[in-house]
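The values are calculated or read from the model by the stated rules, or taken from the named source; none is laboratory data. The model shown is predicted, which means the values in this text are computed figures rather than measured ones. Neighbour counts run over all protein chains shown; Cβ positions are idealised from the backbone, glycine included.
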Amino acid sequence: MSEQQHTPGGAESSEGLFSLVYDELYGLAKRSMNGQSPGHTLQPTALVNEAYLKVLKSGNSQWSNREHFLNFAAKAMRHVLVDHARKKDAVKRRSSGERVALDQVVQEFEKRSGNLLALDAGLEALANRDPQLVTIVELHFFGGCSFEETASALGMKTKEVKSGWVFARSWLNNHLKSELGHKIHPNP
Amino acid sequence: MNEKQWKEVRRLYNAALDLEEPEREKFLQAECGEDAEILRDVLALLADSADVRFLTWPLGDSGRVLGDFELLEEIGVGGTGTVFRAWQRSLSREVALKVLPEHFSLNEDRVERFRREARAAAKLKHPSIAPIYEVGCEGTFHFIAMELVDGPDLAGELTAVRGNVAIHLGVPNTEEYFKRTAKVVLRIASALAYSHGMGVIHRDVKPNNILINAKGDPKLVDFGLARDDSQGTVTETDRVEGTPYYMSPEQARAIQERVDERTDVYSLGAVLYEMCTLSRPHEGRTTREVIEKITVHEPRSIRIANPKVPTDLAVICEKAMERELVDRYASASELEDDLGRFLAGEPILAKRASPTRRALRYVRRNRVAIGATAGLVLALIGAKWTYTWTAQVDWIPIQIESETASVYATRLEISGAPTGGEEVNLGKTPVNTKLPVGTWLCRVEAADGRRAEVLFSLDPGGETLKRRVTLTSLEEIRLGMIRIEPLLWRASGACTFLPNSVTLPPFYVDQNEVTVDQYRDFCEANEHPLPYFWARLDVSRLPGNFPITGISAEDAEAYAGWKGKRLLTHAEYEYLLHGPNNAKSSWGDEAATPEHRKAAGPYLAENAPIEERFEHFLTYASPVGSYPKGATPEGVLDIIGNVAEYLGTPGMELIDGEVRPMKGLSFEVDAGYIQGGEVVENGFAHFDRPATSRWRPLHMGFRCASTARDL
């Protein structure tokens with residue numbers, strides 16, 4: 001797993017992080033279900049930053065580098081969401097409140113991305129071409145990082161991140177549309 | 001695609017983002033050269049059809065909310081952004097929110113222009129100008145909030161007029177219609193007079209920028225290219241900006257001299273022209289072509305385009321669209337006043353142009369048609385004009401070879417519809433000359449009556465066009481063809497790049513698509529290369545009566561030339577598809593059944609292995625003429641169904657009001673209408689790539705046509 005390179009502590013700590021991100025998602029979903037007041041806007045960066053604060057409080061020293069953490073957390077977000085979307089597709093589950101809440105988060109993401117499994121496949125295809133673009137998408141879309149944060153997490157200039165982002169976004173849009181056959185012709 | 005190509009695509013994409021048409025097109029063509037694949041990929045990415053919210057952060061409501069505004073629904077997409085109906089929280093009101101595409105934030109020039117648009121427009125308060133409420137930026141999204149006008153834009157209204165379902169303008173060609181037209185234009189003229197007084201020139205007056213509210217009041221929007229005198233020029237470089245159809249000659253020439261308020265007067269005149277005639281004063285495939293026409297051509301006389309237009313209104317329109325600034329209305333308020341006089345039944349101040357001026361207009365209008373004989377007319381009006389309006393046209397070399405024969409060229413509309421221009425004698429073959437850019441039909445005729453035809457389109461900056469044709473007897477040409485006598489035909493609203501109504505000359509068309517056997521004969525007789533994949537596959541499985549595919553548009557043209565024929569024009573093709581009454585399909589309005597045409601196969605990517613595509617073709621194509629029930633009333637088969645077909649004139653599509661060429665393709669299957677040669681079960685399909693000699697898909701075939709000349 002590519003996450004391993006960011007986690008000297010190995011599988012244990014990466015599992016810990018996954019459950020942490022999962023908890024955060026769950027918390028988010030619950031809040032959105034409870035219908036918070038419209039004035040309360042969750043800042044785009046809040047999710048990964050909140051997660052990071054919790055890691056710091058837990059005294060987990062190997063995450064002292066915030067940039068590393070953001071990178072990892074964004075990948076974890078993608079993983080958790082896609083995984084959930086896949087399970088949702090595959091199995092009819094008992095509806096525990098937790099799962100339903102996460103369903104809603106997946107739904108919110110899919111409003112912006114279309115089918116998450118398709119996006120995931122698109123990102124895999126993009127990774128073959130240019131893995132850095134995939135990391136930008138993970139940080140900005142799945143991690144909710146601003147362009148500035150994304151740039152600092154990757155050690156890039158903000159302008160480079162932006163131009164990578166618009167390219168990746170157009171590319172993914174085209175890729176998803178052609179995969180879904182929006183521009184179909186029978187092509188015998 | 002290898003890594004080098006990928007990097008090239010990225011580089012070109014990012015560089016092109018900073019450019020606007022027509023520079024973008026020029027830049028990409030220069031950079032890509034022969035590499036059609038890279039060009040195609042970059043263009044596909046630049047099309048940027050993504051929803052503005054695609055891949056924005058979804059949690060909380062930061063994606064749905066921009067500043068004080070909640071996005072409710074998308075109400076329009078234009079070249080400069082997406083417009084949403086939105087809710088302004090602080091003032092509890094609905095507004096129109098124009099959001100720039102995300103990549104705009106990369107380009108500081110554009111952001112600056114956007115802000116300037118807002119600053120200039122926010123000062124304007126006039127009943128016929130939609131007010132700007134607020135300008136802002138959230139993350140990478142820049143937006144502008146303005147009054148939500150509850151109604152269609154004038155472009156939409158004109159489409160409704162064409163379909164005779166217009167709410168505000170009513171039934172075309174009635175006295176009431178022209179009155180309402182004059183009223184709408186008068187109010188916009190009044191808005192322009194006001195904004196000019198405030199030092200703001202709109203610079204992009206066009207039907208899409210005139211909205212009509214529920215009460216029928218017009219509102220001018222989008223001072224997108226406006227120049228505010230107090231803020232200096234918008235563009236330091238000499239970029240041509242604005243939508244070309246309504247652009248004034250001096251704007252189109254992008255000359256150094258100041259664009260002033262009379263520029264808006266011209267554009268509003270062009271809008272009036274379209275409202276009166278339901279056709280644009282100038283048509284063209286590319287921005288460049290439209291610009292060329294505006295700088296060189298006089299529009300078709302408004303009264304010839306539509307004799308029902310009241311004389312005074314026609315004179316007002318012509319005065320507003322005078323080429324020379326000094327001849328035009330000096331201000332929008334002069335135009336406003338004359339429209340007021342027209343509505344009150346008083347004499348207008350504008351005068352019909354003098355006979356000399358009319359003669360000059362005539363010459364400009366028929367510049368190409370009378371090219372060879374223009375000397376006489378020119379002598380009457382002064383030779384000094386010759387230089388100005390011939391030097392600016394792009395002339396492209398052409399070579400036509402055949403046995404000795406005379407060649408006559410006629411200019412066609414881009415769609416292949418007649419222009420009414422006269423023939424130009426190009427002399428005897430071999431012809432080696434130049435013609436201006438545009439679409440041309442040449443008849444090649446030998447003394448013994450044998451003939452051939454050459455149909456082609458010349459693009460600005462294009463390479464030498466070379467064709468070889470075989471002189472053929474009429475009897476032989478018409479073997480297997482069906483005569484079509486088009487009635488007056490009205491284009492559907494979707495085909496705005498075709499004339500609204502046109503009478504096509506009679507023509508002959510192959511009853512069937514050209515078959516594998518026929519094409520094989522052609523290759524053997526001419527030592528023309530066989531389709532590239534035949535050597536690699538078991539061609540014995542390919543039935544001889546299947547349509548030929550896997551060839552380029554140029555291959556199809558070569559075949560037609562050998563037969564003394566040509567490919568169909570777009571206009572002819574549309575006629576075969578819809579008939580004189582704009583039926584849904586070539587057989588009528590009846591929905592397609594398996595008896596009309598074979599069901600389409602599943603989508604298969606063009607880059608799938610050739611073996612796979614070959615199997616796909618064998619499964620989903622049929623022998624030509626297998627579906628007699630799907631015939632046109634004249635008996636032409638497979639116009640819908642079986643394979644798509646190359647055309648001899650460029651295919652076109654309309655993007656943001658700009659017509660773009662798609663050379664030699666039949667295309668466009670649209671909601672409810674099947675307009676292309678292919679069947680798509682659900683939804684639509686269009687082909688958005690140019691036909692190059694390297695594009696040889698297994699779903700494109702062709703058939704031939706021939707102009708009927710009975711005398």
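Descriptive notes on the structure:
- Helices (runs of 4 or more DSSP H) wholly inside segment B:100-213 that include at least 3 residues being within 14 Å of chain A (Cβ to nearest Cβ): B:108-122
- Test: B:Glu678 is modelled with pLDDT under 80, farther than 30 Å from B:Val444 by Cα, acidic (Asp, Glu) and crowded, with 18+ Cβ neighbours inside 10 Å: yes
- Of the candidates A:Ser95, A:Ser170, the single residue that is modelled with pLDDT of 85 or more and either more than 30 Å from B:Arg597 (Cβ to Cβ) or part of a helix (DSSP H, G or I) (or both) is A:Ser170.
- Any hit, segment B:471-488, residues being under 28 Å from the mean Cα position of the chain (by Cα), assigned by TED's automatic domain parsing to the domain that holds B:Glu401 and at pLDDT 90 or above: no
- Considering (1) farther than 30 Å from B:Arg694 by Cβ; (2) at pLDDT 85 or above, the lone condition that B:Asn581 does not fulfil carries the number (2).
- The set of residues from segment B:176-205 being under 16 Å from B:Val161 (Cα atoms) and in contact with a Gly (Cβ under 7 Å, 6 or more places away or on another chain) comprises B:Glu176, B:Tyr177, B:Arg180.
- Scanning segment B:421-439 for residues that are within 28 Å of B:Glu25 (Cα to Cα) and touching a residue at least 40 places away in the same chain (Cβ under 8 Å) yields B:Leu435, B:Pro436, B:Val437, B:Gly438, B:Thr439.
- For segment B:533-632, no helices (runs of 4 or more DSSP H) sit wholly inside it while including 1 or more residues that are free of Cβ contacts under 8 Å to residues at least 40 places away in the same chain, at positive phi and not aliphatic (A, V, I, L, M).
- When B:Val509 is tested against (1) surrounded by fewer than 22 Cβ atoms within 10 Å (Cβ to Cβ); (2) modelled with pLDDT of 90 or more, exactly one condition is not met: (1).
Here is a yes/no grid of residues against (1) without any contact (Cβ under 8 Å) to a residue 12 or more places away in the chain; (2) crowded, with 22+ Cβ neighbours inside 10 Å; (3) more than 11 Å from every other protein chain (Cβ to nearest Cβ); (4) of a type outside the set (S, T, N, Q):
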position: A:Glu108; (1), (2), (3), (4): no, no, no, yes
position: A:Gly114; (1), (2), (3), (4): no, no, no, yes
position: A:Asp120; (1), (2), (3), (4): no, no, yes, yes
position: A:Ala125; (1), (2), (3), (4): no, no, yes, yes
position: A:Leu133; (1), (2), (3), (4): no, no, no, yes
position: A:Phe142; (1), (2), (3), (4): no, yes, no, yes
position: A:Glu148; (1), (2), (3), (4): yes, no, no, yes
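- Test for B:Glu157: is it within 28 Å of B:Arg262 (Cα to Cα), touching a strand residue (DSSP E or B) at 6+ places or on another chain (Cβ under 7 Å) and not hydrophobic (A, V, I, L, M, F, W, C): yes
- Residues (surrounded by 12 or more Cβ atoms within 10 Å (Cβ to Cβ) and of a type in the set (Ser, Thr, Tyr)) located in segment B:522-550: B:Tyr532, B:Thr549
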